[in-house]
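**Q** Below you'll find the structure I mean.
Just so it is clear, none of the values below were taken in a lab; they were calculated from the coordinates. The structure displayed is predicted, hence computed values, not measured ones. Note that we place each Cβ from the backbone using ideal geometry, even for glycine, and neighbour counts take in every protein chain shown.
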Amino acid sequence: MKKLTISLIIMTLVVSSVILIVNHQTKQGLLNNSKNNHLNSHYATSKLENHQNKPTKKVLESEQKTTNKQVSKKAAAHSKKVKKVVITIDPGHQKRANIAPEPVAPGSVETKYKATVGSMGIVTRKPEYAITLEASKMLEKKLKQKGYQVILTRTSNDVDLSNRDRAQIANKHKSSLFIRMHADGAENSNAKGFSIIAPTKDNPYTKKVFKESRKASKSIVEEVGKEFSLYQNGVNYRAGLSGFNWSRVPVILIELGYVTNPEEDRNLSNKKYLEKLTTYITKGVDQYFHNL
């Protein structure tokens, strides 16, 4: 009887120990599973968030299309504006001078010659009036290709047009810009570079066109200056020019270079050089109207 009691006690202890071990392992397993489930859940959530935050191919394509549409709209708006723009180009000087006097401004008693032949190449002996016509026709072609309406005050060298006549052609066509094409000359043969003359601010005859004339000048000089040397700062201001004073529209006078400088004289008689130069002038003109 005593032996039986002891055996029962031992069996009870063994069974209790087994139950405790099983419960511990079960609890540990549940904890591990819970931890793994938490980690898996966190990973899945993180992955989902990353997937949600990461732009899809469709989203990227949509954004690109939106950007392209915006660029296209701007280009279309610029193109529409360009079609309404009239630019008058005046190839400076002419084959024969006209030394008859004409007022330098409306109502002015001061007079100047109606027209002169201009300078002549120091090496090539090519006259300024021939250079300006050639360059003007190149510029006309390039601006037309951009969609602008272009008027030339003359298409040959054998004309008789005073400075007032030329300005009035620009006024008649209600030009958005009047470009006077010239080639400079100086006593100092070292003087060289592209430049633009614009009307002064305090000139009573050009007050209304001063602001836009200056903007156009700076825009062209900025583009041309990327590839060509500039004379001084590139833009100079002068009063007393008949072609400015009679103009009722923004007006600038482009000095393509110095025909009294041997190197530039040769360049201005080089078709490839003039083509490149007028290309950059065109860029400057286009940039000016793009920013209006």
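**Q** Is it fair to say TYR280 is buried (at least 21 other Cβ atoms within 10 Å of the Cβ) and touching a helix residue (DSSP H, G or I) at 6+ places or on another chain (Cβ under 8 Å)?
**A** Against the criterion (buried (at least 21 other Cβ atoms within 10 Å of the Cβ) and touching a helix residue (DSSP H, G or I) at 6+ places or on another chain (Cβ under 8 Å)), TYR280 does not qualify.
**Q** In region 190-227, what residues are assigned to a loop (DSSP other than H, G, I, E, B) and either touching a Phe, Trp or Tyr at 6+ places or on another chain (Cβ under 8 Å) or closer than 17 Å to ASP286 by Cα (or both)?
**A** Keep residues of region 190-227 that are assigned to a loop (DSSP other than H, G, I, E, B), which gives 190-193, 200-206, 225-227.
Answer for region 190-227, where residues must be assigned to a loop (DSSP other than H, G, I, E, B) and either touching a Phe, Trp or Tyr at 6+ places or on another chain (Cβ under 8 Å) or closer than 17 Å to ASP286 by Cα (or both): ALA191, LYS192, GLY193, THR200, LYS201, ASN203, TYR205, THR206, GLY225, LYS226, GLU227.
**Q** Return yes when GLU264 is touching a residue at least 12 places away in the same chain (Cβ under 8 Å) and more than 16 Å from GLU223 (Cβ to Cβ) and no when it is not. Before you say what the answer is, go through the steps one by one.
**A** On the way: touching a residue at least 12 places away in the same chain (Cβ under 8 Å): yes; more than 16 Å from GLU223 (Cβ to Cβ): yes.
When the stated conditions are applied, GLU264 passes them.
**Q** Then there's this: VAL123: in contact with a His (Cβ under 8 Å, 6 or more places away or on another chain) and part of a loop (DSSP other than H, G, I, E, B), yes or no? Let's see the steps before the verdict.
**A** Values: in contact with a His (Cβ under 8 Å, 6 or more places away or on another chain): no; part of a loop (DSSP other than H, G, I, E, B): yes.
When the stated conditions are applied, VAL123 does not pass them.
**Q** Please go through region 126-148 and pick out each residue that is in a loop (DSSP other than H, G, I, E, B) and closer than 30 Å to GLN287 by Cα. Show your work before the answer.
**A** Looking only at region 126-148, we keep the residues that are in a loop (DSSP other than H, G, I, E, B), and these are 126, 146-148.
Once the filter is applied, which keeps residues that are in a loop (DSSP other than H, G, I, E, B) and closer than 30 Å to GLN287 by Cα, region 126-148 yields LYS146, GLY147, TYR148.
**Q** Still on this structure, please answer the following. Being under 15 Å from GLN94 (Cα atoms), of a type in the set (S, T, N, Q), surrounded by fewer than 21 Cβ atoms within 10 Å (Cβ to Cβ) and in contact (Cβ under 8 Å) with a residue 12 or more places away in the chain narrows it down to one residue among SER136, SER156; which is it? Quick ask: steps written out before the conclusion?
**A** Working: SER136 fails: surrounded by fewer than 21 Cβ atoms within 10 Å (Cβ to Cβ).
It is SER156.
**Q** Here is a follow-up. Pull up region 210-234, narrow it to residues that are crowded, with 20+ Cβ neighbours inside 10 Å and of a type in the set (A, V, I, L, M), then point me to the one that is nearest to SER195 (Cα to Cα).
**A** Taking the candidates together, the pick is VAL221.
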